[in-house]
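Below is one structure; the comments refer to it alone.
Rule-based calculations on the coordinates, nothing more; no lab input. Note that the structure is predicted; figures quoted are calculated from it, not measured. Backbone-built Cβ (ideal geometry, glycine too); neighbour counts: all protein chains shown.
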């Protein structure tokens, strides 16, 4: 399916105007799911709104919205969270011409964007209950201690120093709050259903799967998928991968299955 891409500005977001890029399949149902997708970039990048993941998911018929959350207030916690939550709240109320009131509203992201999506899902539970239908967490960067066994692969993937720098930047505001590192949140119950994806050769595998288990043990419905080595899954956030990416069909299948399950629920 061809994907149409357009740039917009959300002028009426509480934190101020935010530029967004919208990916939309040329063929879509009357009430397509709307996914607010936060890009990767180790908390360091702004203005990055192109995404192979967004294109892949839009080909399923979803509308994927990538906001430049760092631009309005900066990239230090809690500012990206405030912008991201304001965008979620705006779309929950207005939809901004994207989908309609029957459309599922989802949060998602990869790596640092997965952290932000998970944090906003917590805040949505706490402040806008029942307005979030699901969360799509793709190798979320959740643990500022970077101490998992799989993290030993980060240097070879060209990511260890970048993540260390990114965490230092994101937490440099001196604010200590569980939303900054959702894996530390003591209460996971009541969160929206989650699709959680990683791969066997992903440096973020262990913290991703630990978070998945934590959600499941709290009663959150989780659909988990682990790509085998060789799918070049870590390339979605810029890691070095020796082979060409071949995760697109698998991610499409998982996302479509997740949307169906959330719709039935």
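Below is a table of values for the structure above.
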| read-out | value |
| --- | --- |
| Centre separation in Å (Cα based) which lies between the range 71-132 and the range 138-179 | 21 |
| FRET efficiency, residue 102 to residue 243 (Cβ-Cβ, R0 45 Å, nearest 0.05) | 0.65 |
| Overall dimensions of the chain as given by Cα atoms, namely Rg and Dmax in Å | 16.7, 46 |
| Max mean-square fluctuation residue, GNM over the chain, Cα-Cα springs under 10 Å, options 192, 157, 110 | 157 |
| FRET efficiency for residue 213 and residue 11, using Cβ-Cβ distance with R0 set to 45 Å, rounded to 0.05 | 0.65 |
| The chain - share of DSSP beta bridges that are antiparallel (%, nearest 5) | 35 |
| For the chain, calculated [θ]222 nm from helices alone, where every DSSP H run of n ≥ 4 adds -39500 (n - 2.57) | -9500 deg cm²/dmol |
| Percent RCO, i.e. relative contact order, over the chain, from Cα pairs under 8 Å lying at least 6 residues apart | 18 |
| Computed E for residue 156/residue 71 - FRET, C-beta separation, R0 25 angstrom, nearest 0.05 | 0.20 |
| Extension gain, residue 126 back to residue 95 (0.36 nm per residue minus Cα-Cα distance, nm) | 9.1 nm |
| Fully extended contour minus Cα-Cα distance, from residue 149 to residue 200, at 0.36 nm per residue | 17.2 nm |
| P(r) tail fraction, the range 117-160 - alpha-carbon pairs more than 13 Å apart, % | 65 |
